[in-house]
Amino acid sequence: MRRIGAGAAVAAMSFALSWGSAIAEPRHGLSIFGDLLYEKDFAHFSYVNPDAPKGGAFSQIGPTWILNQSPLTFDSLNSYILKGNGAMGAELTFDTLMTRSGDEPDAVYGLVAKTADMADDGNSIVFELHPEARFHDGSPLTAEDAAFSLMLLKEKGHPLISLTIREMAGAEALGSHTLNVTFTGNQTRDLALLITGLPIFSKTYYTTHDFEKTTLDAPLGSGPYRMKEFEQGRFVTYERVEDYWARDLNVNVGRWNFDTVRYEFYRDRTAQFEAFKAGEYLLREEFTSKTWATEYNFPAVEDGRVVLLTMQDETPSGAQGWFLNTRREQFSDVRVREALGLAFDFEWTNRNHFFGLYQRSGSYFENSEMRAQGLPGPGELELLEPYRDQLPARVFDEAIEPPVSDGSGKDRRLLLQASKLLDAAGWTIQDGKRRNAAGDTLTVEFLNDAPTFERVISAFQANLIQLGIETNIKPANSAEYQERVKVFDFDVMTRRFSISATPGVEISNYWSSEAAETPGSFNLSGMSDPVIDALMDKIINAENREEQVQAARAIDRILRAGFYWVPHWYKASHTLAFWDVFARPDKAPRYSRGSAVTDKRGVLDTWWIDPAKAQNAPQAEQP
């Protein structure tokens, strides 16, 4: 399962800021809890090769995506609204005020903005912009453009953005290159940093183009790449901007080395893989364990022209699972939701489908110190006690972990537990089916857009049927799938969300009561709980990392006790296969998603083509 960018969407563009350590003067960067790693006027990031040559072509199946983008197809070049299926990679074409450092969990440094100056009360921030900033047509990028963009995104942008920045009161140009952003006073502490990662549009361009419409006209950008060519639903190619105004800034030295970046689109993974073997694109992140374990033995691998690389992932693995839509009546009872989780035999699935490559996910903060374990500690209890009367008793017990089966695929002990829970919830066996007092049958439909995933769902279904539950898989093409997810028209669907190493306001899109009612949000389960809302504020507004960790563990206990999902699995690594034409820095960015790019491995922005390896290029890429 690939990661979704915009859980990612905003996560990819979201950061967290503390001005508890007040920024009393203009600074070249912003961070949350501590000092910046890089001093003013640093030469370049530590994880780049400043002498990396430029040139060549990079092509891939996009591993992550943001906002309205889809990995399977596209019908629009506007990724920043709810409508349509946006083309992957559009974020490469837009600059932002500041850009992420890949070796710090939450620091950003100046890109379009030279400096940021936060007011002592945290209710406004002034950015001084580079006067050299330009759009791709040569027109100046000014504070007026930045102010226009922020207000446009707040009023008409994708809900994942507009909801997140609603406490931004205004943005105005104080001069050609001075931008003032004000906040309502009710903002979360990370809002100021979030806006530094949003795209800057041309105000002039959008006086004659409707921002709210899907379009196949490439918007005017300012980033390191611009649209070169595309075939709708087939591919999109971006070309490096030779005279990019920011190419020599320290945050860009050694980055954006490929002349062209191409995203390929295929309807299914089998076709994707066969195309990679044929050399139709150069790099693939493999998300199917069976394929990784058994099918990377084709001639180009054996003769060394295709390299297999496992990269350690030290960041939170995110949350992947089957999300249960509590807006549907049959999932409103927590006992039903828990019963469904007992029916999924991970141990059998991992052995028979995944070759034992995965570990079981049990937490929304897996692979991080924010994962709750054992009994709650003093810090967690301090946060939870005020809500004891509103919380299940289990929240104060050992953290709930997913069941461990006997690996048989149909563990009788776990199925018996599930059956008892369903009985208690009023869903009893009648004529071989689970029915309630009204005679309604308990049904579960899996919305699915990945045919290769049906084999995994099928094993789960078999146990649901054993429990008397009616179940089916609803295949959907990409467009239908996207639309149904946006309006929460499903029983169960699969997704993975990224969680930042420093969670910020983006988590409100996952768990807040408001997001549950907002089409296009990522509160897929529809959870609506005032205690969760309150504890999210504790995470977002923590004064230091330890406070944030305690708050995350506390909310993790509540989320897990709600059984809003059937958690899947994770592996703390990336498995990459690529034609051996690249070179890369010795050090990989530990936290990087590039700047505005949802590339967690730093491949797209820090690797380069090695001319000495030209003979390894596949036939389709031969010069």
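Once you place label points 7 Å from the Cα toward the Cβ at Asp423 and Thr215, how far apart are they in nm?
Calculated label separation equals 6.3 nm.
Per residue of the chain, what 222 nm ellipticity follows from adding -39500 (n - 2.57) for every DSSP H run with n ≥ 4, rounded to the nearest 500?
My calculation for the chain gives -6500 deg cm²/dmol from helical runs alone.
State, to one decimal in nm², a quarter of the convex hull surface area for the C-alpha atoms of segment 488-569, i.e. the direction-averaged projected area.
Average of the hull's projected areas for segment 488-569 equals 5.4 nm².
Just the number, please: percent antiparallel of the DSSP beta bridges in the chain, rounded to the nearest 5.
75
Could you give the size of the charge dipole of the chain about its Cα centre, using +1 on the Cβ of each K and R and -1 on the Cβ of each D and E, expressed in debye and rounded to the nearest 20?
It comes to approximately 1520 debye.
So, for the chain, what is the accessible surface per residue at a probe of 1.4 Å, expressed in square angstrom?
Numbers: 22620 Å² over 623 residues.
Value for the chain: 36 Å² per residue.
Round to a whole number: what % of the accessible area of segment 529-572 belongs to carbon and sulfur, probe 1.4 Å?
Within segment 529-572, the accessible surface is 47 percent carbon and sulfur.
Whole number please: convex hull volume per residue, Cα atoms of segment 208-365, in Å³. Walk me through the numbers on the way to the answer.
Working: hull volume 35.0 nm³, N = 158.
Taking only Cα atoms, segment 208-365 has a hull volume of 221 Å³ per residue.
Where does the Debye-calculated log10 I(q)/I(0) of segment 187-289 sit at q = 0.22 Å⁻¹, using only Cα point scatterers of equal weight, no solvent?
The Debye formula, applied to the Cα set alone, gives -1.21.
Using a Debye calculation, one point per C-alpha and no hydration shell, please list log10 I(q)/I(0) for segment 15-124 at q = 0.16, 0.18, 0.19 Å⁻¹ in order.
Rounded to two decimals, the profile gives -0.94, -1.03, -1.07.
Using the Cα atoms of segment 374-492 to build a convex hull, what is its mean projected area in square nanometres?
Values: hull surface 43.6 nm².
Over all viewing directions, segment 374-492 projects a mean Cα-hull area of 10.9 nm².
Go through Arg247, Arg545 and list them by solvent-accessible area, largest first, probe radius 1.4 Å.
Of Arg247, Arg545, the descending order of accessible area is Arg247, Arg545.
May I ask you to order 303-316, 64-77, 365-378 by the average number of other C-beta atoms within 10 Å around their residues, highest value first?
64-77, 365-378, 303-316
7 Å from Cα along Cα→Cβ at both Arg351 and Thr294: what's the point-to-point distance in nm?
It is 1.6 nm.
For segment 339-408, what is the largest minus smallest coordinate of the Cα atoms on each principal axis, given in angstrom and ordered from greatest to least?
Dimensions of segment 339-408 along the principal axes of its Cα atoms: 45, 26, 15 Å.
Any idea which of Gly409, Thr64, Ser361 is furthest toward the positive side of the dipole for the chain, if Lys and Arg beta-carbons carry +1 and Asp and Glu beta-carbons -1?
Sorting the options by dipole projection puts first Gly409.
Report Glu231's accessible area, 1.4 Å probe, all protein chains in place, as a number in Å² to the nearest 10.
Counting only protein heavy atoms, the figure is 100 Å².
Distance cut-off 30 Å, Cα to Cα: go down the list Lys54/Lys156; Lys277/Lys571; Lys83/Lys433; Lys40/Lys587; Lys474/Lys571; Lys410/Lys538 and report the pairs above it.
Pairs exceeding 30 Å: Lys54/Lys156; Lys83/Lys433; Lys410/Lys538.
Once you charge only the Cβ atoms, +1 for Lys and Arg and -1 for Asp and Glu, what is the size of the charge dipole of segment 14-141 about its Cα centre, to the nearest 20 debye?
480
So for the pair Lys486, Ala169, with labels modelled 7 Å out along Cα→Cβ, what separation do we get in nm?
Using points 7 Å along Cα→Cβ, the separation is 3.4 nm.
The values are calculated or read from the model by the stated rules, or taken from the named source; none is laboratory data. Computed from a predicted model, the values in this text were never measured in an experiment. Positions of Cβ are generated from backbone atoms using ideal geometry, with glycine treated the same way; all protein chains shown enter the neighbour counts. These area figures cover heavy atoms from the full protein model, side chains too; ligands, DNA and RNA do not enter into them. Shrake-Rupley method; radii C 1.70, N 1.55, O 1.52, S 1.80 Å.
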